Amino acid sequence: MRHDIYLYLLVMSAVTLAIRIVPLTLIRRQIKNRFLRSFLFYVPYVTLAVMTFPAILETTQTPVSGALALAAGIALAWYGASLFKVSAACCLIVFCVEWMLLG
Amino acid sequence: MADRPSDLLPSRRDVFFEGIHDGMPIALGYFVVSFTLGIAARNAGLTPFQGFLASLFNNASAGEYAAFTVIAADAPYLELAIMTLIANARYMLMSCVASQKFAPDTPLIHRILVGFDITDEIFGITIARKGPLNPYYNYGAMSVAMPGWSIGTALGVIAGNLLPVQAVSALSVALFGMFLWVIIPPARDNRVIGALVLASFAASFLSAHTPGLMELSAGTRTIILTLALAAIGAAFFPVKDPSADREEDESHAA
């Protein structure tokens, strides 16, 4: 190992923190431009949706359990279940389905 | 969420505890995910303390994982910087979004501290919460999420594959459940958001199976699809003036 781990940690931390903090501190007024405002309004939903599917099918042991957790999570969130209930139900379903399918 | 008293002004302490409450499932999910991240850190030659530091200051799953592979390869510092920049670039978008949720007169220190832990999950609950961003809500969530993440990483370095694979598999969907909790109610109430969520699912699935795109990392695909789809939404369905925008903000929080 020729490189210093602590220098590595410093480099990665500096880059990550700059990415997070610089926009938050530089953009201090409400953006007036309608396109930009609309764009930023839609970003969270698009980005979270993109990260959820199909990734949820790939993190579980079998895609079936991930798919069922996805369906249950959507249904529960649709009817207004709490954050804890939605998350816990997804976990429980994966555990039960895999217990039945994989033993 | 729906029964939260939003019209009377809650104290900082109340808001802080509200943040702890909502941060709890995040912390649990983090603990498990970071445990597996710790295994990657160990493979890169990190000690438990170094794994702890990496997670405390980076709070990023894909970003840290990518960084550990670079460290494991003993690559130049510049390569690590570029890899971290690409893997974490989506946080720049999230930081821009969060900047618009702050009241304009918010002191700089709150912006810096909140920015410190803009993760996918903390960002999610920040956006879902009614009204302007209250930093104490974020501090509450951070106070449980950050230890969950950094201590989980350290334990992962120490204990490796201790957790049974069934438990890892089940707990790995906790964070996805949280994403669904953030996006589904607004998708139900706002047609444009609903259509964008469906389009995002479809585009994400297709891009993961399309030659030319599937070779890119998941983080890079997320950025490209986010830029494209949010731009399409903004071009064809621009939100109304700021007051109407705020109304939408409130309806999707309920």
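The values are calculated or read from the model by the stated rules, or taken from the named source; none is laboratory data. All figures in this text were calculated on a predicted structure; none of them were measured in a lab. When we count neighbours, we look across all protein chains shown, and the Cβ atoms used for this are built from the backbone with ideal geometry, even at glycine. All accessible areas refer to the heavy atoms of the entire protein, side chains included, with ligands and DNA or RNA removed. Shrake-Rupley method; radii C 1.70, N 1.55, O 1.52, S 1.80 Å.
The table that follows gives values for the structure above.
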read-out	value
Sequence-separation-based contact order of chain B, relative, with Cα cut under 8 Å and 6+ spacing, percent	32
Note, ³J(HN,Hα) from phi for the stretch B:142-154, Karplus 6.51, -1.76, 1.60, rounded to Hz, x at Gly and Pro	5, 5, 9, 5, 5, x, x, 6, 7, 5, x, 5, 4
Under the Karplus curve 6.51 cos²θ - 1.76 cosθ + 1.60, θ = phi - 60°, whole-Hz ³J(HN,Hα) for the stretch B:127-139, x wherever Gly or Pro sits	5, 6, 7, 4, x, x, 4, 9, x, 5, 4, 5, 4
Charge dipole (debye, nearest 20) of chain B; +1 at Cβ of Lys and Arg, -1 at Cβ of Asp and Glu	160
Surface accessible to a 1.4 Å probe, per residue, for the residues of the protein assembly as shown, Å²	44
Among B:Ala87, B:Ala187, B:Ala208, residue whose mean-square fluctuation peaks in a GNM of chain B (springs only between Cα atoms under 10 Å)	B:Ala208
Simple label model, 7 Å out from Cα along Cβ direction - B:Ile232 to A:Leu7, nm	4.6
Overall form of the protein assembly as shown per C-alpha gyration tensor (a/c, 1.5; a/b vs b/c)	rounded
Förster radius 22 Å - calculated FRET efficiency between A:Phe35 and B:Arg191 (Cβ-Cβ, nearest 0.05)	0.70
GNM top mover of B:Ala141, B:Ala218, B:Ala234 - chain B, alpha-carbon springs below 10 Å	B:Ala234
Cα centroid separation - the stretch B:210-237 against the stretch B:75-128, whole Å	19
Solvent-accessible ranking of A:Trp78, A:Trp99, B:Trp149, largest area first, probe 1.4 Å	A:Trp99, A:Trp78, B:Trp149
Cα gyration tensor, chain A - rounded (a/c under 1.5), prolate or oblate	oblate
Span from the the stretch A:22-94 Cα centroid across to the the stretch B:4-55 one, whole angstrom	17
Pairwise Cα inverse-distance average, inverted: Kirkwood Rh of the stretch B:82-168 (Å)	14.8
Relative packing of peptides B:11-22, A:55-66, B:56-67 - highest average C-beta neighbours within 10 Å first	B:56-67, A:55-66, B:11-22
Size descriptor, Kirkwood hydrodynamic radius, that averages inverse alpha-carbon separations across the stretch B:4-153, Å	16.1
Size of chain B as Cα extents on the principal axes (Å, biggest first)	53, 48, 38
Dimensionless Rg over Rh [the stretch B:195-234; C-alpha; Kirkwood]	0.96
In Å², nearest 10: area of A:Met51 left accessible to a 1.4 Å probe	30
Computed E for B:Val165/B:Ser11 - FRET, C-beta separation, R0 45 angstrom, nearest 0.05	0.50
Rounded FRET efficiency, nearest 0.05, which uses the C-beta distance separating B:Leu78 from B:Glu215 and R0 of 22 Å	0.45
Vicinal HN-Hα couplings computed from phi for the stretch B:110-118 (Karplus, 6.51 cos²θ - 1.76 cosθ + 1.60; Hz; Gly/Pro x)	5, 5, 5, 5, 5, x, 3, 10, 7
Chains A and B together, accessible area buried on both sides, 1.4 angstrom probe, square angstrom	8000
